[in-house]
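Derivation of every value follows stated rules applied to the coordinates shown; laboratory data play no part. In this text the structure is predicted, and so the values were computed from the model without any measurement. Cβ sites come from the backbone with ideal geometry, for glycine too, and all protein chains shown count toward neighbours.
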Amino acid sequence: MEMKQVIVTGGAGYIGSHTVVELHNAGFTPVILDNFINSDADVLKGIEEIIGYPPSFFEVDCTSIIQLREAFEKITAQGVVEGIIHFAAFKAVGESTEQPLKYYQNNLGSTTAILQVMQEHSIKNFVFSSSCTVYGQPNVIPVDESAPILEAESPYGFTKQACERMIMDVNGSAQPLNAILLRYFNPIGAHPSAAIGELPIGHPNNLIPYLTQAVAELREPLTVFGADYDTPDGTCIRDYIHVIDLANAHVAGLHWLSSQTEACEVFNLGTGNGTSVLEIIEAFERANGIAVPYKLGSRRPGDVTAIYADVTKAKNLLDWSCQFTIEDALRDAWRWQQKLGAA
Ligand code: NAD
Ligand code: UD1
């Protein structure tokens, strides 16, 4: 049978590693391009533990056209490339306001370089990691893909908007591609085997990694950032999606792209349900039978009150839906934390 390779930039990262596993499960041959700038080579061993063989891997800085060309030469010589999933980027909102050039250089630089080398090899299908951050605080929730894009609140958010625009411009050019722009809501959890998961480096800013580290007594109790929002329990509402459900949406997206020629479609990827911070704490306690140490604190600047996805478009066009519950995700997140270690 013909090998269907999929190039996965950032495939050693959190969402990328889970997507590599699901691509394998769906019969694709994932090929990882990563420079471990925000991950660890051990992730490749974790993936091997699950799929049973070492994944194909090239150590490449995706902002380097030269390195990309070398890798693409080798990969295309091995067989057909079905598509590219471009995860490689920096993603810390706070850091992006302190070091904007680092974000522009890496996030815009890697997307430009990948698109260029992709065109040189006439590879058509492209999947881009975007974020619900492009919506800011939408007027209507659940938010669908037709909601206006608001002025970005951070350089990180702007890199996502700019890359979306870059891909749309290429799609409208003389050498169009076939692309989907996936706007992730809040990915959480880990592989149930605990062989791979999220590796927060330093102080975690996101809720779930901080929560699991607080439960593991590696950190001070969790601070709930604001309990005076205009929501039923006063805490912010988000759409938390199990990372494996998110990974599977990429597989569904590739299947859909193979039936298209010059598409350029945006999809929201979430569960369609909003969950408050206090509800997350309760769900974690229910799923794991352990109390979460926490205190109520002040609001975090830049947080939106409530956002969750209308996922009708992804469900209908991609024939995809979520299989895991919040409790599943929080059970897997805790299992992963236990593997990483407690105090
Ligand atoms: P991650 O940091 O865990 O993974 C990114 C991977 O890309 C890492 O392995 C890193 O080493 C690699 N990388 C970064 N720059 C690179 C470069 N120039 N060359 C080669 N490799 C490079 O992040 P993640 O959470 O898996 O996020 C993946 C993508 O999804 C990112 O584009 C991110 O902006 C986007 N996203 C993430 C979230 C989230 O909550 N995690 C939400 C919305 C969007
Ligand atoms: C943040 C980013 C967003 C990015 C996403 C995924 C901001 C403003 N937004 O989203 O652009 O796409 O991460 O990387 O940074 N919370 C606490 N205590 C904590 C941590 C978080 O109460 O210690 C609350 C937050 O106030 C928020 C919710 O938990 O209401 C989720 O926070 P987080 O995981 O950081 O994700 P977002 O803010 O939704």
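Just a few scattered comments:
- Counted by Cβ distance under 11 Å from residue 159, the other residues give a net charge of +3, where Lys and Arg count +1 and Asp and Glu count -1.
- Cα centroid separation - region 303-319 against region 8-38, whole Å: 24 Å
- In the elastic network of the chain, a GNM with C-alpha springs shorter than 10 Å, the most mobile of 307, 196, 290 is 290.
- Scaled radius of gyration (Cα, divided by 2.2 N^0.38 Å) that region 150-288 gives: 1.28
- Volume per residue for region 46-127 equals 119 cubic angstrom (convex hull of Cα atoms).
- If you model region 1-148 as an ellipsoid using its alpha carbon gyration tensor, with each semi-axis the square root of five times an eigenvalue, the axes come out at 26, 18, 17 Å, biggest first.
- Proximity of backbone amide H atoms, modeled 1.01 Å from N, is registered between residue 308 and 143 at under 5 Å, excluding neighbours fewer than 5 places apart on the same chain.
- Globularity ratio of region 47-86, using Cα Rg and 2.2 N^0.38 Å: 1.33
- With contacts taken as Cα pairs under 8 Å at a separation of at least 6 residues, the chain carries a relative contact order of 19 percent.
- Local electrostatic count at residue 69 - Lys and Arg +1, Asp and Glu -1, tallied over other residues with Cβ under 15 Å: -4
- Over all directions, the projected convex hull of the C-alpha atoms in the chain averages 16.4 nm² in area.
- Coordinate range of the alpha-carbon atoms in region 126-214 per principal axis, descending: 50, 32, 24 Å.
- Straight-line cross-link reach from residue 295 at under 17 Å between alpha-carbon atoms covers these aspartates and glutamates, not counting any fewer than eight positions away in the same chain: 217, 220, 228, 233, 279, 282, 285.
- Normalised by the number of residues in region 196-343, the average gap of Cα pairs under 8 Å and 6 or more apart makes the relative contact order 37 percent.
- Scanning the chain for GluC sites (Glu not before Pro) in DSSP loops with at most 13 neighbouring Cβ atoms within 10 Å leaves 3-150 as the longest stretch between them.
- For residue 32, nonlocal amide neighbours, meaning residues 5 or more places apart or on other chains whose placed amide H falls under 5 Å from its own, are 8, 56, 57, 58.
- If you take all other residues with their beta carbon under 14 Å from the beta carbon of residue 248, and give Lys and Arg +1 and Asp and Glu -1, the sum is -3.
- Calculated mean residue ellipticity, 222 nm, the chain: -12000 deg cm²/dmol, from DSSP H runs (n ≥ 4) at -39500 (n - 2.57) each, averaged per residue and rounded to 500.
- Between helix 14-25 and the chain there is an angle of about 60 degrees, using the helix long axis and the longest principal axis of the Cα atoms.
- Label-to-label distance, nm, for residues given as residue 144 and residue 42 (7 Å Cα→Cβ offset): 4.6 nm
- Among 182, 123, 171 the positive-end extreme of the charge dipole of region 106-206 (Cβ point charges): 123
- The Cα-based radius of gyration of region 98-169, divided by its Kirkwood radius, gives an Rg/Rh of 1.03.
- About the Cα centre, charge dipole magnitude for region 1-53 (Lys/Arg +1, Asp/Glu -1 at Cβ), debye: 120 debye
- Between the helical axis of 277-288 and the longest alpha-carbon principal axis of the chain there is an angle of about 90 degrees.
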